[in-house]
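Heads up, the thing below is written out as structure tokens.
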Amino acid sequence: MDQVAAAAGVSRATVSRVINGAANVAPEIRDAVQRAISKTGYVPNVAARSLVTRRSNSVALVISEPDRPDDHSFLNRIFTDPYFGRITAGATGALRPHDVHLVVVPTDSADHHQVVRYLRQGHVDGVLLISSHGDDPLPGQVLALGIPAVLSARPPGPLSVSYVDVDQRLGAQLAAQHLLGRGCRRLATISGPLDIPAGAERLDGFRTYLAAQGLPEPPAVVGDFTRAGGEAAAHRLLAEHPGLDGLFVASDLMAEGALRAVQDLGRRVPDQVAVVGFDDSSAALECRPPLTTVRQPVEEMAAEMAELLIAHIDEPGRLPRSVIFQPTVVIRESA
């Protein structure tokens, strides 16, 4: 910094003000310092700046699962499920202009204490928390630390925390409406896990809409948001209800597996069985035929989470805020 000050002909304090973005620096002085920085190759000491600003310029994306049967399957799901990739991309894009880095932290109930210790030690300035299961204690533990946090879905309990979500029930209602609109009358659904709020809400929205149209409660099988789970659930539904002509599947990954099962059983899609998914992820385009699906704008939702978190970091004590995005139906060839 002394070398930069000498090259620019200013004081060390002026160099510090320019580096830290202070407003009370004349434009010509700022330009001279910037030229001196380029000339000398100066790079600010991040550790030293952190001691002054009390900022790490990093936030954690914590992905919390209730249990982890084995590390391979857990990490494989995180890094191959399109949903997590879209969350990471959306958050990273929003954080980049703030010069804030994203640290991905997978965890389950067995090592929550390690994550809490990591957060308590000040390695990050805030937390973007993906916690899908209603009985997960981690959201409450993070809030108890006093660290700024934003959740990726509506919290199941009375937690005073900002969150971003999509209208899950409306999305499922749109799926039911679309299937009825194309003439399907013998409907069924593959839900997500019912201990996950999104799984329960999508199932409730689908059933509620059909009941309002005077139709009987549709057969339902609980899936696990994986391709294999969707395929197994579809086989079971078609074995028990061979006459079904419309299927709402609560995620695109499960819908991809369900399509495989429907076609393996010799049913034509969509002529004999129409299929609608949920997410509008890359999996929807990989399906054959391409999948009609309910779109939740995950990248935009993740970006909103990141912006909310930055606001909470910059303004401690800021009141929690919720942002609910609206789903739409993307019509392709499966329904």
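Take 242-255, 30-43 and order them by the average number of nearby Cβ atoms within 10 Å per residue, most first; the result is 242-255, 30-43.
Each other residue within a Cβ distance under 12 Å of A303 adds +1 if Lys or Arg and -1 if Asp or Glu, for a net charge of -2. Picking from S16, V164, G243, whose Cα lies most toward the positive end of the charge dipole for the chain (charges on Cβ: Lys, Arg +1; Asp, Glu -1)? The residue sitting most towards the positive pole is S16.
Listed values for the range 234-251 are Karplus-derived 3J(HN,Hα) couplings in whole Hz (6.51 cos²θ - 1.76 cosθ + 1.60, θ = phi - 60°), namely 5, 4, 5, 4, 6, 5, 8, 9, x, x, 5, 10, x, 9, 9, 10, 6, 7, and x replaces Gly and Pro. Around the Cα centre of the range 112-193, unit charges on the Cβ atoms of Lys, Arg, Asp and Glu (plus for the first two, minus for the last two) sum to a dipole of about 380 debye. Taking the average, over residues, of other Cβ atoms within 10 Å as the packing measure, peptides 324-334, 284-294 rank 284-294, 324-334 from highest down. Comparing V323, V276, V298 in a Gaussian network model of the chain, where Cα atoms under 10 Å apart are tied by springs, the biggest mean-square fluctuation is seen for V323. To the nearest 10, the accessible area of L215 is 50 Å² with a 1.4 Å probe.
A Cβ-based charge dipole, computed about the Cα centre of the chain with Lys and Arg at +1 and Asp and Glu at -1, lands at about 780 debye. Spatial offset of the range 103-164 relative to the range 182-235 amounts to 29 Å, using the alpha carbon center of each. Karplus-based coupling profile of the range 179-187, in residue order and whole Hz: 5, 5, x, 9, x, 6, 10, 10, 9, with θ = phi - 60° in 6.51 cos²θ - 1.76 cosθ + 1.60 and x standing for Gly or Pro.
Quick one: net charge around V33, please, counting Lys, Arg +1 and Asp, Glu -1 for every other residue with C-beta under 12 Å from its C-beta. Charge balance in the 12 Å sphere: +3. Scattering from the range 105-176 was approximated by placing one identical point on each alpha carbon and applying the Debye formula without solvent; log10 I(q)/I(0) at 0.28 1/Å stands at -1.44. Once C-alpha pairs closer than 8 Å and six or more residues apart are averaged by separation and normalised to the residue number of the range 121-254, the relative contact order reads 23 percent. Fully extending the segment from L145 to D99, taken as 0.36 nm per residue of separation minus the present Cα-Cα distance, adds 14.1 nm. Close amide H pairs (under 5 Å, H built 1.01 Å from N) link R186 with D245, G246, residues at least 5 positions away or on another chain. Farthest towards the positive end of the charge dipole of the chain, among the residues A233, V25, L309, is the Cα of V25, using unit charges on the Cβ of Lys, Arg, Asp and Glu.
Take every pair of alpha-carbon atoms less than 8 Å apart whose residues are at least six positions apart; their mean separation over the length of the range 188-326 yields a relative contact order of 18 percent. Of the options (i) 133; (ii) 118; (iii) 162, only one is volume of the Cα convex hull per residue in Å³ as computed from these coordinates, and that is (iii).
Ordered from highest to lowest accessible area with the whole protein assembly present and a 1.4 Å probe, F278, F225 read as F225, F278.
Of the trypsin sites (Lys or Arg not before Pro) found in the range 270-321, the ones in coil according to DSSP and having at most 15 other Cβ atoms within 10 Å of their Cβ are R318, R321. Once backbone amide H atoms are built at 1.01 Å from N, G126 has A60 as its partners under 5 Å, excluding neighbours fewer than 5 places away on the same chain. Net charge dipole, the range 196-335: roughly 380 debye, given to the nearest 20, about the Cα centre with Cβ charges of +1 for Lys and Arg and -1 for Asp and Glu.
Less than 5 angstrom separates the built amide H of V275 from those of L247, A335, all sequence-distant by 5 or more or on a different chain. Once the Cα atoms of helix 71-80 and of the chain are each reduced to a long axis, what angle between those two axes, in degrees from 0 to 90 to the nearest 10, is obtained? The two axes meet at around 90 degrees.
The values are calculated or read from the model by the stated rules, or taken from the named source; none is laboratory data. Just so we're clear, the structure is a prediction, and the values are computed from it rather than from any experiment. We place every Cβ from the backbone using ideal geometry, glycine too, and count neighbours over all the protein chains shown. Side chains are part of the model used for accessible areas, which takes the heavy atoms of the whole protein and leaves out ligands, DNA and RNA. Shrake-Rupley method; radii C 1.70, N 1.55, O 1.52, S 1.80 Å.
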